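A quick write-up on the structure given underneath.
Derivation of every value follows stated rules applied to the coordinates shown; laboratory data play no part. Please read these numbers as outputs of a predicted model, since none were measured by experiment. A quick note on method: Cβ atoms are made from the backbone with ideal geometry, for glycine too, and the neighbour counts reach across all protein chains shown.
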């Protein structure tokens, strides 16, 4: 009897061993980790603005060869899909499928590739772009890399008017200027445009015995004096309905500095601190750069004037200028 139990026990143990070794419930998770993915911007910069074009760099390492990838770009709850070589919208149109073959990294366990030419959309101003790149390996494990790009506000444009020829008080060329449009006016045209409550005339050119070559506001006493001296009937004080109070100061900027100013922020930083209560900029010479601020009724826009050339020593000649001014709304 004991011998039977002993043999039976041995059989049971052996059976248990065989059953356990073949248990289909055994954990079949493959050994290894999900792919490690990082996302960065090629040629990283301190600030990104709408319209900037960036290239996304994806680096990865995996325990098994990668077989696919997807990229999501979210902007304030919206999802943006990419298009281009190796990129196509996902079926749900909320992400972009990455064809790893197109980037020569399919079936690799480690590598890097660049997704080029993503232009930051205008609606991203002052928001955050969130990039997520997911990569799957041959064992169906998925790893993700994320990147947040802070986007600033796009710089406002400026208006540039080149080669504006102005005539002095004794010259037949127009000598009065609308700084926001670059349009020039004769005395009569400027007088008619001055209106009763509003005027589009911002400054004028004259030559004075003391002030010499001068750019002046329409409310400047010197400008009025030279026109009255030419002809009492040309009094600006008496004939102009509105005389705008543009204000000026000659700056230390060189002509090259003026030429290199291309954005609103550059213009403001160079003009704002230079403007004073002066109603004119006198003793001008070729290469002078003058800062100005328009009348409050004209939007208080800031601008710069560069003197290109002067052909005037007595009030009968001309001056040629270039103007850069904040773009009006």
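Annotations
- Pairs where the first residue, in the range 222-240, is without any contact (Cβ under 8 Å) to a residue 24 or more places away in the chain and the second is part of a helix (DSSP H, G or I) and surrounded by fewer than 16 Cβ atoms within 10 Å (Cβ to Cβ), C-beta under 7 Å, 6+ apart: 224/237
- Residues in the range 192-209 that are in contact (Cβ under 8 Å) with a residue 60 or more places away in the chain, in a loop (DSSP other than H, G, I, E, B) and more than 24 Å from residue 299 (Cβ to Cβ): there are none.
- When residue 291 is tested against (1) surrounded by fewer than 22 Cβ atoms within 10 Å (Cβ to Cβ); (2) farther than 19 Å from residue 184 by Cβ; (3) in contact with a strand residue (DSSP E or B) (Cβ under 6 Å, 6 or more places away or on another chain), just one condition goes unmet, and that condition is (1).
- Residues of the range 135-186 satisfying the condition of being within 30 Å of residue 299 (Cα to Cα), in contact (Cβ under 8 Å) with a residue 60 or more places away in the chain, more than 21 Å from the chain's Cα centre (by Cα) and assigned to a loop (DSSP other than H, G, I, E, B): 168, 169, 173, 179, 180, 182
- Those strands (runs of 3 or more DSSP E) of the range 216-329 in which 1 or more residues are over 34 Å from the mean Cα position of the chain (by Cα) occupy 302-311, 318-326.
- Residues being within 24 Å of residue 45 (Cα to Cα), surrounded by 15 or more Cβ atoms within 10 Å (Cβ to Cβ) and either touching a helix residue (DSSP H, G or I) at 6+ places or on another chain (Cβ under 7 Å) or in contact (Cβ under 8 Å) with a residue 40 or more places away in the chain (or both) are entirely absent from the range 92-106.
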